[in-house]
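The values are calculated or read from the model by the stated rules, or taken from the named source; none is laboratory data. This one's a predicted model, so the numbers in the text were calculated from it and none came from an experiment. Neighbour counts run over all protein chains shown; Cβ positions are idealised from the backbone, glycine included. Side chains included, ligands, DNA and RNA excluded: accessible areas come from the protein's heavy atoms. Shrake-Rupley method; radii C 1.70, N 1.55, O 1.52, S 1.80 Å.
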Amino acid sequence: MQRVLTSAFLAALCVYAQDNRVPTLTGRVLDPASAAVPNATVKLYNRDTSLQRSTVSDSQGAFQFDRLPAGEFLVEARTAGLDQASPVAVTLVAGQSASVELKLEIHGLTSRVLVTSSTTPQSTMESGKAMDVVDREELSRRNEISLTEAVRMVPGLRVQQLGGPGSFTRIQARGLRAADTGLLIDGMRLRDVASVQGDATAFLGDMQLVNTDKIEILRGLGSTIYGTNATAGVINMVTDQGGGPVRGELSGEGGGLGLFRGLARVSGGVKDDRLQYSAGLANLNVNGGVDGVENVRNTSGQGYLLWRPNALMSLSGRVLGTTSTVGVNSSPSAAPLANLPGSGTIIAVPLAQDQMQLGDRGQPFQWGNATFGPNFYDPDSRRIGNFVSTMINWNHQVAPRFSYRVSYQGVNSDRDSRNGPAGQGYQTMFHSSSIFAGRLDTLQARGDLALARWNLLTAGWEWERESYENVSRDENPSAVERVNARATSKQRSNSVFLQDQLKFFSDRLQLALSGRFQNFNLSAPRFEGGAPNYVGVIFAGAPNSWTGDATLSYFLPKSSTKLRAHTGNGFRSPTLYERIGSSFYFGSFSPLGDPRLRPERTVSVDFGVDQYFSNSRYRVSSTYFYTRLQEVIGYDGLNNDPFGRWGGYVNMGGGLARGVELAVEARPYRSLILTSSYTYTNADERKSSLIGGSLRAIRVFPHMFTLVATQQITKRLQLTADFLGASDYVSGSFFVGSGSRPYQFDGPRKLDASVNYTIPVGDRRSVRLFTRVENLLNQRYFEDGFRTPRIWATAGMKFMF
């Protein structure tokens, strides 16, 4: 016992001595006239590890970070207004402290720190990938409440929401499918492994902004760093890590569509930020929605906790959870054949409004000249869903040039689709329930070694286990015919990844090379409640996946020009549903999957230029992208199938997407910021899924234009407007006769506006009154035949402290 106490005492002395040798960073946030800027959010990023710190400047503009490890850092300052400070590089040496001044840019644009484009933080001036950032300040100016609305203005992204707030939503990047865009929470994959393609699309409509610090969007290949479902790009929601003085907000808003939302959020740190915390809780209710046929209940929470025993170690945890109930209406349907042309693409003509209302009430209606009927009200259909993502992360900087981290994330998801005999169209005879439940466990370990100031090497290993469960039940009064079936399966994978980041010519030339290897192991599925599938089949892992990635950027300081290029190959692993999925009908399972499926394969390249003008008041960016889906997994009709399938999931030829993204960011006046983009996308499928053989990719806008303008009218009054206009698109959602026919829908012309008026009530407290008006042009447009809101508005109040 004496030896244990002695060892503990010596260890404590070592930690104390270590803490007394660690550097401290102090500084001030100033405006161009060197006046102090209070209440600015200051963030610190270690360039060689995942360490992040945050605080708020005091009344003199001063800030301080204690107990820091030695190394290279980026420090930036953000304010609630339009003036921001670009990241400043700082080097800290053991036993020495440093000081820095951050000056706000009142005329020009600023760069930002990115944590998604590489394995370690970079500034936007350094990244060789096409990146966009939507930070908390912009989210506040636009008064956005959901992830999907927050990223709608990003070039190259197609956001499709099938109704009002809380409705099913998908995101497509660069003309590819929804499953090709990955969703990350703090750099870790969030996937619904029980969905058909194993992506996060099923979660997107439920993703409220609760405790989000910023959203980073990588446009282009991300498979090498982030694994499956990232061939078109990734969206990373970064949680507020807290730190600094206590701060937060209480807000409530309501108005059109029967919407009401409340939010509470708090963050801070104690004991010199040895303990950092943040937490948020939001509740969303939509009573009526579009045309009074939508109902949504959503409660979401997000929290973060970090403990730092000394300057070189940290243990953190994060939780994100949502529970929701969403009314599900009938799917849009094609009009009778007499209303449709005999061949070719069908021009989408909606049912007249008064006839829609008759259909919503379950009464007979007249088609007139309509070519489709919208989503009619279904009174007994709903989806009850929930998911919880928890993450634990241990980070240790062993030496100034070497650190490692170990992370675990668990994702539990559950979706219960319930329906009954009421409603238009085909309905079940009895009340029924179809449950899709999934569990995803990910364990990741990685190390970062600075071989030299200009060379950072990252190596890691990742283990992942996913489990799938599908339960089908109904309330048939006959116990003999009553459905109670269950299918389950599991899959495991191991990955090894490597990245080497190189910097030359005073960091003007940046090169990153990365690679990833992944193998798979599939367990035999289990079937209960009916005749089983896949009898006698040997279940083996899918073929191994090898991916590589190269990124290059070069900055020319004299002309303020950055050249960049990014190329590589990607993959998407076959999901459990695609490998062993089934339908249950008349007492037996019918196989849909194929255990032998190979991973999808993709090759991609993009290159572009970022040009700054007039002392960084203007930035023009252009990017060309090209992606070829070499082999994909799709649903097709089958003959002589070894599993007895008439149709199911098979490997098939993919498609091709290429195009151009143009973006402009401008600050012509101190009080005005403009961002605009134009995206041209030419996307084709190799094999048509539509009657008539059309190869045009469905749901993709060939042309899309966005504009966001923020005007600081007075010190207290701020106006933000955003506009999205897009060309016609083709939908493949309408079944006619023996298959789906292409429908052509008008693209949106959507103008939104947000007004904020802030009233200070103390040094760190204020009240903000705000209103947001959506679809100011009152356009009536449809997404795959689903109704979307016409003009509507909300108003609310925030108390910020």
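Region 40-119: which trypsin sites (Lys or Arg not before Pro) are DSSP loop and have at most 10 other beta-carbon atoms within 10 angstrom?
Loop-located and lightly packed - none at all.
Taking θ = phi - 60°, what integer Hz values does the Karplus form 6.51 cos²θ - 1.76 cosθ + 1.60 yield along region 553-564, in sequence order, with x for Gly and Pro?
Karplus values, whole Hz, x for Gly and Pro: 9, 9, 10, 9, x, 5, 9, 6, 10, 10, 9, 8.
Taking 29 Å as the cut-off for C-alpha to C-alpha distance, list the pairs among 129/687; 43/129; 558/715; 43/715 that go past it.
Check vs 29 Å cut-off fails for 129/687; 558/715.
Excluding ligands, DNA and RNA, what is the solvent-accessible area per residue of region 475-620 at a probe of 1.4 Å, expressed in Å²?
49 Å²
Within region 25-102, what whole-number % of the accessible surface is contributed by carbon and sulfur, with the 1.4 Å probe and all protein chains included in the calculation?
C and S atoms contribute 48 percent here.
Among (1) 65.3; (2) 36.0; (3) 56.7, which one is mean projected area of the Cα convex hull in nm² computed from these coordinates?
From the options (1) 65.3; (2) 36.0; (3) 56.7, the structure gives (2).
Can you compute the helix-only [θ] at 222 nm over the chain? Use -39500 (n - 2.57) per DSSP H run of at least 4 residues, normalise by all residues, nearest 500 deg cm²/dmol.
-1500 deg cm²/dmol, from helical runs alone.
Counting only GluC sites (Glu not before Pro) that are in a DSSP loop and have at most 14 other C-beta atoms within 10 Å, tell me the longest site-free stretch of the chain.
1-474
Which whole-Hz ³J(HN,Hα) couplings does region 160-174 yield from phi under the Karplus relation 6.51 cos²θ - 1.76 cosθ + 1.60, θ = phi - 60°, glycine and proline marked x?
Karplus-based 3J(HN,Hα) across region 160-174 equals 10, 10, 8, x, x, x, x, 6, 4, 9, 10, 10, 10, 10, 6 Hz.
Can you pull out the trypsin sites (Lys or Arg not before Pro) in region 715-801 that DSSP calls coil and that have at most 14 other Cβ atoms within 10 Å?
Taking region 715-801 and a limit of 14 other Cβ atoms within 10 Å, the loop trypsin sites (Lys or Arg not before Pro) found are 715, 716, 765, 780.
Enumerate the aspartates and glutamates that residue 798 could reach by cross-link, defined here as Cα to Cα under 15 Å, with residues fewer than 8 away along the same chain left out.
The qualifying aspartates and glutamates are 137, 144, 249, 253.
Hey, what D do you get for region 450-580 in µm²/s if you plug the Kirkwood alpha-carbon radius into Stokes-Einstein at 25 °C and 0.890 mPa s?
Answer from the Stokes-Einstein relation: 129 µm²/s.
Can you give the Rg to Rh ratio for region 706-801, taking only C-alpha atoms and Rh from Kirkwood?
1.21
Could you please state how large a percent of the accessible area of region 666-713 is carbon and sulfur, counting protein chains only and using a 1.4 Å probe?
C and S atoms contribute 61 percent here.
Put +1 on the Cβ of each Lys and Arg and -1 on the Cβ of each Asp and Glu in region 669-788; which of 683, 711, 781 then has its Cα farthest toward the positive end of the dipole?
711
Report, as a whole number in µm² per second, the diffusion coefficient that Stokes-Einstein gives for region 529-618 at 4 °C and 1.567 mPa s using the Kirkwood radius over alpha carbon pairs.
Translational D for this selection: 74 µm²/s.
Determine the distance separating the Cα centre of region 283-305 from the Cα centre of region 425-462; give it in Å without decimals.
Value for the Cα centre distance between the two parts: 25 Å.
Just flag the trypsin sites (Lys or Arg not before Pro) in region 200-286 sitting in loop per DSSP whose Cβ has no more than 14 other Cβ atoms within 10 Å.
The qualifying sites are 271.
Which value, in debye to the nearest 20, gives the size of the charge dipole of the chain about its Cα centre, when Lys and Arg are +1 and Asp and Glu are -1 at the Cβ?
Roughly 1120 debye for the chain.
Sort out for me the Cα centre separation of region 40-116 from region 624-657, rounded to whole Å.
When both Cα centres are located, 49 Å separates them.
Region 179-253: percent of C-alpha pairs farther apart than 21 Å?
Within region 179-253, distances greater than 21 Å cover 34 percent of Cα pairs.
Considering Cα pairs under 8 angstrom that are at least six residues apart, work out the relative contact order of the chain and quote it in whole percent.
Relative CO of the chain lands at 11 percent.
Taking square-rooted eigenvalues a ≥ b ≥ c of the alpha carbon gyration tensor, is region 221-317 rounded, prolate or oblate, where a/c under 1.5 means rounded and, failing that, a/b exceeding b/c means prolate?
Oblate, since a/c reaches 1.5 and b/c is not below a/b.
Once you keep just the Cα pairs under 8 angstrom separated by 6 or more residues, what percentage relative contact order results for region 502-641?
It rounds to 20 percent for region 502-641.
Which whole-number percentage describes the relative contact order of region 172-236, with Cα contacts under 8 Å and a sequence gap of 6 or more?
Taking the mean separation of contacting Cα pairs over the length of region 172-236, I get 40 percent.
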